[in-house]
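I'd like to ask some things about the structure below.
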Amino acid sequence: MVFWVCVAGVLLALLAVSWWMDRAVRRRGSAVTHSADIWFQARESRRDAEILGNPLNQDVSWSSWSRRSNRR
């Protein structure tokens, strides 16, 4: 019985800490990024680096137009 009370206490403490951290992040204005978005950004930045690094490379991929027109 004492074991399960300790387990429940640890879980409750973890939930409280995660709630507190989430509140602190939201207060700063940050948002959690989905893992698919992170992978997409990594793929696009790698592709951009490959294209920009080689002047003879012709980028004819389906997303090349959006990369060329969205330069900042």
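Test LEU14 against the stated conditions and say whether it is at pLDDT below 65 and either among the acidic types (Asp, Glu) or in a helix (DSSP H, G or I) (or both).
In short, no.
Continuing with this model, one more query. Within segment 1-35, count every residue that is among the β-branched types (Val, Ile, Thr) and more than 18 Å from the chain's Cα centre (by Cα).
Counting residues in segment 1-35 that are among the β-branched types (Val, Ile, Thr) and more than 18 Å from the chain's Cα centre (by Cα) gives 5.
The values are calculated or read from the model by the stated rules, or taken from the named source; none is laboratory data. As the structure is a prediction and not an experimental result, all values here were calculated from the model.
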